[in-house]
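Worksheet: one structure, shown below.
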Ligand SMILES: [Zn+2]
Ligand SMILES: [Zn+2]
């Protein structure tokens with residue numbers, strides 16, 4: 001079929017929205033009609049050429065939500081009409097990692113996905129000049145996409161697509177990290193470094209878990225104020241004094257839980273130092289630049305601080321994303337508060353411009 005899609009043709013250049021060909025789903029694959037898609041920093045990072053593992057030509061986009069249109073042979077878990085959230089992080093439930101219950105890094109589609117292909121090593125996307133590759137196994141800057149069944153979370157059909165598409169990446173990363181990766185305890189103290197979408201998600205998750213004090217560090221006043229709406233109780237600019245400010249708020253001990261959501265290695269170091277001696281748990285969520293390293297003073301570990309990291313907040317997509325959609329429907333999670341701009345697919349490059357200008361938290365593309 002012919003579809004409209006935003007193609008990355010050249011690094012550092014605007015995406016080109018055009019007609020491309022999409023082949024029908026093969027065995028284990030699903031055709032999804034997109035209804036909404038967030039514009040994420042990872043799309044921009046790849047489009048800019050900064051990502052060393054990036055490739056083109058490909059159809060970008062990975063924060064999608066939509067409706068199942070058609071299923072390939074052997075697909076059992078979804079059927080036409082089902083509402084789904086797209087997952088760049090699959091959950092097959094059968095591989096060594098999925099069965100371990102210890103990690104969300106499913107091995108099922110990983111290798112081919114990294115090459116821009118579906119699990120059988122081929123692409124469903126093409127145009128007259130040749131084959132196009134998939135991006136993150138999702139390619140959701142498009143009217144339709146074909147994805148592996150194991151990369152789709154079936155969700156409650158009552159939820160708005162433009163809100164739940166954010167659970168495909170950014171929002172879940174922060175929320176799941178607080179809820180299930182760090183397992184923030186009731187009455188605890190929390191420090192969150194960075195109040196972009198991931199940091200705000202961690203704030204929301206910590207609030208849901210009943211944290212008593214939630215400190216947020218971000219240089220943007222607009223974002224600091226926004227973090228209060230998600231549950232921050234104390235806000236700071238960050239910078240050199242951040243660790244001291246956490247200590248001052250916690251009787252000199254440090255926070256029970258810290259979350260790093262900036263990708264800056266110096267801030268990662270602060271997140272470790274600001275964690276409480278004895279049991280403080282520092283969770284790294286930001287993606288650092290290529291080749292960068294973080295420094296940790298060993299004494300911080302000897303005296304009981306722990307450090308962990310998680311991709312997608314440690315969420316197992318097909319298990320956890322439907323739960324988060326239900327929390328949204330119950331009114332426990334404010335996803336609409338993340339949406340700052342609504343765009344059409346043809347305006348996708350404007351979404352990147354808004355990100356460069358640090359205007360708002362998230363732009364969402366809406367499809368007819
Ligand atoms: Zn993303
Ligand atoms: Zn798996």
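Computed over segment 40-142, relative contact order equals 30 percent, with contacts defined as Cα pairs under 8 Å that lie 6+ residues apart. Entry note: the chain has Rg to Rh equal to 0.97, where both radii use alpha-carbon atoms and Rh is the Kirkwood radius. Computed from Cα atoms, the angle from the helix 221-230 axis to the main principal axis of the chain rounds to 90 degrees. Only Cα pairs under 8 Å and 6+ residues apart enter the sum, and on that basis the relative contact order of segment 173-310 stands at 22 percent. In terms of overall dimensions, the C-alpha atoms belonging to segment 213-292 reach 35, 34, 21 Å along their principal axes, ordered largest to smallest. Measuring r between the beta carbons of residue 241 and residue 295 and using R0 = 25 Å, the FRET efficiency lands at 0.85.
A Stokes-Einstein calculation at 4 °C with viscosity 1.567 mPa s, built on the Kirkwood radius of segment 173-310 over Cα pairs, returns a diffusion coefficient of 92 µm²/s. Descending by average beta-carbon neighbour count within 10 Å, the peptides 238-249, 83-94, 147-158 line up as 83-94, 147-158, 238-249, the highest first. Using Stokes-Einstein with the Kirkwood hydrodynamic radius over Cα pairs, what translational diffusion coefficient do you get for segment 78-174 at 10 °C and a viscosity of 1.306 mPa s, in µm²/s rounded to a whole number? After rounding, the answer is 109 µm²/s. One decimal place: the segment residue 357-residue 221 gains 47.5 nm when fully extended, by the rule 0.36 nm per residue minus the C-alpha distance. The distance from the alpha carbon centre of segment 30-63 to that of segment 256-334 is 24 Å, rounded to a whole number.
Relative contact order, whole percent, for the chain stands at 18, derived from Cα pairs under 8 Å and 6 or more residues apart.
Could you give the length gained on full extension between residue 288 and residue 76, defined as 0.36 nm per residue of separation minus the Cα-Cα distance, in nm?
On the way: separation 212, 0.36 × 212 = 76.32 nm, distance 3.84 nm.
So the chain would gain 72.5 nm between residue 288 and residue 76.
For the listed peptides 8-15, 33-40, 277-284, a ranking on the average number of other beta carbons within 10 Å per residue, highest first, reads 33-40, 277-284, 8-15.
Nearest 5 is fine: what % of DSSP beta bridges in the chain come out antiparallel, could you say? Percent antiparallel among DSSP bridges in the chain is about 60.
Between helix 317-330 and the chain there is an angle of about 70 degrees, using the helix long axis and the longest principal axis of the Cα atoms. The protection proxy used here, the mean number of other Cβ atoms lying within 10 Å of each residue, ranks peptides 61-70, 198-207, 261-270 as follows, highest first: 198-207, 61-70, 261-270. Between residue 228 and residue 103, the distance separating the two model label sites (each 7 Å from Cα on the Cα→Cβ line) works out to 4.2 nm. Our helix-only sum for the chain, with -39,500 (n - 2.57) per DSSP H run of n ≥ 4 divided by its residues, gives a mean residue ellipticity at 222 nm of -7000 deg cm²/dmol.
Coordinate-derived values only; no laboratory data. Computed from a predicted model, the values in this text were never measured in an experiment. Positions of Cβ are backbone-derived with ideal geometry, glycine not excepted, and every protein chain shown enters the neighbour counts.
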